[in-house]
Amino acid sequence: MGSGSGSWHVEKRNSFRGEPVRDIDHVLENGSLSIIVLGASGDLAKKKTFPALFNLYKQGFLLPEEVHIFGYARTKISDEELRNRIRGYLVRNKGASPKDVEDVTNFLQLIKYVSGSYDGEEGFRLLDKEISDNEISKHSAEGSSRRLFYLALPPSVYPSVCRMIRHYCMNRSDLGGWTRIVVEKPFGKDLDSAEQLSKQIGELFEEPQIYRIDHYLGKELVQNLLVLRFANRFFLPLWNRDNIANVQIVFREDFGTEGRGGYFDEYGIIRDIIQNHLLQVLCLVAMEKPISLKPEHIRDEKVKVLQSVMPIEDDEVVLGQYDGYTDDPTVPDHSNTPTFSTVILRIHNERWEGVPFILKAGKALNSRKAEIRVQFKDVPGDIFKCKKQGRNEFVIRLQPSEAMYMKLTVKQPGLEMATVQSELDLSYGQRYQGVTIPEAYERLILDTIRGDQQHFVRRDELKAAWEIFTPLLHRIDNGELKPLPYQPGSRGPAEADALLEKVGYVQTHGYIWIPPTL
């Protein structure tokens, strides 16, 4: 796997098995590229997948003479009806320019719709015929074309859909083309169901053909983590248990389930956010330096982190459920599903022994943000008596207002020797004016086309992640752990703040980070 050594022709031949090819120019000089969005009439496809494809098209990564896009779903609609459903999601700002309108029109012409069931031969044979006809029209030699299947579907239909693709929609021969599938989370509900799903899909496709997407790994600031940690000298000696007191990885939303109550209640906040998104971020914060940037070397180090995580202790978990959650008619009246959770993870290795990693996520809270907060230990021998003002922190704000800033103590301007907390700030909106930060899905779909699996979850990584959380999830599912009530618009249960204090997090008082304005 990986780009490896050898000639370009060897790499091109290997790409049939889903292995990386060199860059986007070579990718698009190959046979035609067909992108098939399964579940095309659903919310995920409309709001995320098709807009990401449109932005790649607009930036020249998907060329109209080489790319065709197919939607597939059970809904019986025409090509034009699907295009009309998607249109409103492609350009969000109301003042769209004539160029934007032209781009949208041209992009929508690339989309063809096929209707069929997810477990029936007929629909997939028809889909294969449409793809093949298009490949012939683009003068692709049989076996040289590339087929990317994006499963914007519930995991329950993954096995049947993958079986249909395998039997009826694969490339016929190995002439440099490939077939790859992208699967969305939630990938299983616990260790057993995830392993069962992996086994079913693994019998149909080789691991390099399977791309388990976690869109957090496509976020700009998450992608920056490896550069920050391993390309800057001053972080190298500080990034360990001798200097770091605790690490918080936080996801907060200021709204509740809003019409998704029935879906959310099946999973809860730990399965929805913590076990995948926040745990992936933890891996990048905690991993050792890989020997290279090859995807497998990076993913090897992430797996080592997960395998070093200690079993979660019940007294280091706080669960919450906001008042009014069960008012949703799709949610059972006595639901035990948490909408908030704070979980302490401890990594048993030389670098991190004794450092609590605090993973916190919740809905209907008092703010909306996702961030990583690395809190350093107190300065020994505090001659300025400024300990109460707060500790040094390095904060990476993932959304909104992407930024990274270092909280530090400085002298307050004036004649007195007084100290105050301030920051060194890199706010992306101010520093990189006029630069559009790509959406996570754009980057990840492009990585899939390139055959770069660095930002996708490997099977053993998925297994290790579920091994950490499955015992806790089963105790919650069995009603052994109960969520505490909290008010919508609050910080969550007060017990969560008490837990943070217990594990050594020191809250800063009197300092608020304000995103700089242009």
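Tabulated data for the structure shown
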| read-out | value |
| --- | --- |
| Where ASP460 falls short, out of the listed (1) open to solvent by 40 Å² or more (accessible area, probe 1.4 Å); (2) in a strand (DSSP E or B); (3) charged (D, E, K, R) | (2) |
| Every residue from the stretch 67-83 that is open to solvent by 80 Å² or more (accessible area, probe 1.4 Å) and within 28 Å of the chain's Cα centre (by Cα) | ARG74 |
| Some residue of the stretch 403-420 being small (Gly, Ala, Ser), assigned to a loop (DSSP other than H, G, I, E, B) and touching a residue at least 40 places away in the same chain (Cβ under 8 Å) | no |
| Residue among LEU282, LEU306, LEU319 that is hydrophobic (A, V, I, L, M, F, W, C), closer than 24 Å to PHE187 by Cα and in contact with a Cys (Cβ under 7 Å, 6 or more places away or on another chain) | LEU306 |
| Residue check, TYR113 at pLDDT 90 or above, within 27 Å of the chain's Cα centre (by Cα) and farther than 17 Å from LYS58 by Cα | no |
| The stretch 373-390, subset outside any loop (DSSP other than H, G, I, E, B) and hydrophobic (A, V, I, L, M, F, W, C), residue least open to solvent (accessible area, probe 1.4 Å) | VAL374 |
| Residues that are part of a helix (DSSP H, G or I), more than 13 Å from GLY39 (Cβ to Cβ) and open to solvent by 20 Å² or more (accessible area, probe 1.4 Å), drawn from the stretch 135-159 | ILE136, SER137 |
| Selection from the stretch 87-97 of residues that are open to solvent by 80 Å² or more (accessible area, probe 1.4 Å) and modelled with pLDDT under 75 | ARG92, ASN93, LYS94 |
| In the stretch 320-354, residue nearest to the chain's Cα centre (by Cα) [restricted to those that are surrounded by 23 or more Cβ atoms within 10 Å (Cβ to Cβ) and assigned to a loop (DSSP other than H, G, I, E, B)] | THR339 |
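The values are calculated or read from the model by the stated rules, or taken from the named source; none is laboratory data. Quick caveat: nothing in here was measured; it's all calculated off a predicted structure. Methodologically, a virtual Cβ is constructed for each residue, glycine included, from the backbone with ideal geometry; neighbour enumeration extends over all protein chains shown. When the accessible area is computed, the model is the full protein with side chains, heavy atoms only, and any ligands, DNA or RNA have been set aside. Shrake-Rupley method; radii C 1.70, N 1.55, O 1.52, S 1.80 Å.
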